[in-house]
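Read-outs: derived from the displayed coordinates by stated rules, not from any lab. Fair warning: this is a prediction, and the values are worked out from it, not measured in the lab. Reconstructed Cβ throughout: ideal geometry from the backbone, glycine too, with neighbour counts over all protein chains shown.
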Amino acid sequence: MIHKIYWGIAVILIAGGIYCSQTYLSKNTDPGWKTESFSYLPDNERIKDVLLGYETTVSHYLWIRSVIYFGEHYKGDKRYLWIVNMLDIITKLNPLFYPAYEFAGVLLPDITTNPDIPRILLERGLTKLNNRQWNIAFYTGMLYYQKYSDTYTAAKYFEMASRFNSPHKAKYATLAAAFYKKSGLEKDGLNFLLFMYETSDNPEVKRHLKEKIEHYVKK
């Protein structure tokens, strides 16, 4: 127990030292140094081995540094050389950390030319998170639509999002149906809306779905 306390103090002191050093260097060195400011990090696959149970604490610290790093480059050269590595490490250290997945779903598709990078992170979130999964499924659907031009897979992820007990359940169901229709699977879209209507116990959800079914049939 005492050994773990000593290690905890050491981690905090090291993190504080890194932060102070980087703050000082950021103010007193060439701006180009900032692109290398995360070079102290160990290999992604080995980082857990050196933290001895303090993964969550370190992941929160790294998240704060990542937000600062992103902000600096967003206002500057818009080159985010370390952001993917940081998100990968954070979600490996703390697989339940939703903000990192949200960043991967909302911002990462626009700042990287490779859609596989946000996709891999989002898929990790789908397998690890027990809550907020509907948002991750929605972001994944949008990624498939916008970056892969794959309306069918997008529809499948929107359908997945609608099956979670979320405040946006009905809207996700409508979106899934619309994308099935866009994929040429009009009957699948209608059947899905009917299924969601029949299985829902929420009067507001049923009312919303009924309107969408009527609108869907008329088109």
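Brief remarks on what is shown
- The phi torsions of region 132-147, fed into the Karplus equation with coefficients 6.51, -1.76 and 1.60 and a -60° offset, translate into couplings of 6, 5, 4, 5, 4, 5, 5, 4, 5, x, 5, 4, 5, 6, 7, 9 Hz, rounded to whole numbers, with Gly and Pro shown as x.
- Checking the Cα-Cα distances for 187/212; 128/212; 147/218 against a 21 Å cut-off, the pairs over it are 128/212; 147/218.
- Ranking of 67, 58 by count of other Cβ atoms within 10 Å, fewest first: 67, 58
- Sequentially through region 206-212, phi angles give Karplus couplings (6.51, -1.76, 1.60; θ = phi - 60°) of 5, 5, 4, 5, 4, 4, 5 Hz, Gly and Pro residues having no value and appearing as x.
- Each of 183, 149 has some number of other Cβ atoms within 10 Å of its Cβ, and from fewest to most they run 149, 183.
- In terms of surrounding Cβ atoms within a 10 Å radius of their Cβ, 119, 163 rank from fewest to most as 163, 119.
- Distance from region 123-201 to region 74-116 (C-alpha centre basis), Å: 23
- Charged side chains reduced to their Cβ positions (Lys and Arg at +1, Asp and Glu at -1) give region 151-218 a dipole of some 140 debye around its Cα centre.
- What the phi angles of region 183-188 give under the Karplus curve with 6.51, -1.76 and 1.60, with θ = phi - 60°, is a coupling list of 7, x, 10, 4, 5, 4 Hz, glycine and proline written as x.
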